[in-house]
Amino acid sequence: MSNRRIKINRAYLIFLGFWVLSGCTTLYVPIPLTHPAEVNLSQYENVAFGRVTGNMAPDFKICLRDELIRLSHIRIMDRPQQLHLRRENALSNSYLPRENTSNLGQLNRSSVLLFGNAESYYDEETTFKKKTCERKIEVEGKEKKEKYDCTHYKRTGTLTTFGHIDFTEEATGTILLSKNFKCSKDDYNTSVDESPAAINKKYMYEKCLNQHVYKIFKAMSPWQEEVRIPFEKDYHLPNLEMGINLARERNFPGAIEIFQRELEAAQISGKIPKESVVNAYWNLGLAYEYSWQFDKADTMFRRAYEISGDGKYIKEIAHNERLKAEREELLRQIPQGL
């Protein structure tokens, strides 16, 4: 065995030894996390499309409407449909006694109108290079390679989409939010001595369209993503893994109970390394954070930082504050759904 091989093996064994002595491994637990919309539309009657121009506008409006119908509580309609319903309501209300209509104007909520633009532009070019190619031929019953002059073609397509959507309060004309979007996709096909196959423009177009729709959707409706919570498994506190498994099952109260019990046992023992105690604080903080007990989570992360001085706990304190603010805004937007 070479000296270099021996050095590599020694380095690996040293690393492995440190890893075993540290006694901890990060276990990531995936959970769904709901974020609030950028603008709170819960106070409005509905959302309607105003004038949206551009060659992508019809597809954009259909896709956004379908996404909202599928995933959101927001009521969305076209402007002509909205105006027709308003005329019908006004006609119906005209037949009501005056005492029943005196507060009607106060009860009607304003709508939000979407104005904007959605454009797409496609450009394509074909280039070629003269090269020397090889092909197999048969000579006197034997297969041989022959060189010949050939032309390599490359067909390149670029799709660019762009636009903006303004969220405008109907009653006042105030722009509540303005979102710009842009996307660019490239693709190419090659061939030798013949024209390359056509570029799949539809695929690029749909990718950009979906990207834009999702961006606007997140601006106007609460949305969900999967996050991975980095719990710490620890050799010196083996029951932490049991708590992590409960967190994986979304049983955060059970996980908190186990993490708390392990932390108290470690503090009473006095023989548990401080790194392991910090891991118990960390896991307990995460369990509190993702069960929306943000003040308790803050306390755990601050205690972990006091013991270790590791900057990651300061970062998590800031993240906990952001998550707390998001949760409060989410409760304002869909209190009946949480």
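The values are calculated or read from the model by the stated rules, or taken from the named source; none is laboratory data. Since the model is a prediction, treat every value here as computed from it, not as a measurement. All Cβ positions, glycine included, derive from the backbone under ideal geometry; neighbour counts span all protein chains shown. In case anyone asks, the SASA skips ligands and DNA or RNA and just uses the protein heavy atoms, side chains included. Shrake-Rupley method; radii C 1.70, N 1.55, O 1.52, S 1.80 Å.
Annotations
- Kirkwood hydrodynamic radius (C-alpha pairs) into Stokes-Einstein, region 172-218, 10 °C and 1.306 mPa s, D in µm²/s: 116
- Within the shell defined by Cβ-Cβ distances under 11 Å, the residues around Thr126 carry a net charge of 0, with Lys and Arg each +1 and Asp and Glu each -1.
- Counting only residues at least eight positions apart within a chain, or on another chain, the lysines with an alpha carbon under 17 Å from that of Lys201 are Lys154, Lys182, Lys185.
- For region 187-267, the direction-averaged projected area of the alpha-carbon convex hull comes to 11.0 nm².
- Gyration tensor (alpha-carbon) shape descriptor, region 151-239, a/c threshold 1.5: oblate
- Positive minus negative residues near Lys274 (Lys, Arg vs Asp, Glu; Cβ under 14 Å): -3
- Within the accessible surface of region 243-338, defined with a 1.4 Å probe on protein heavy atoms only, the carbon and sulfur portion equals 51 percent.
- Charge tally in the Cβ shell below 9 Å around Asp234, where Lys, Arg are +1 and Asp, Glu are -1, Asp234 excluded: -3
- Sparse packing (at most 16 other Cβ atoms within 10 Å of the Cβ) combined with a DSSP loop state is found for the following GluC sites (Glu not before Pro) in region 205-300: Glu249.
- Approximate spin-label separation Lys271-Lys182, in nm, with each point projected 7 Å along Cα-to-Cβ: 6.4
- Residues of region 189-338: accessible area per residue with a 1.4 Å probe, Å²: 54
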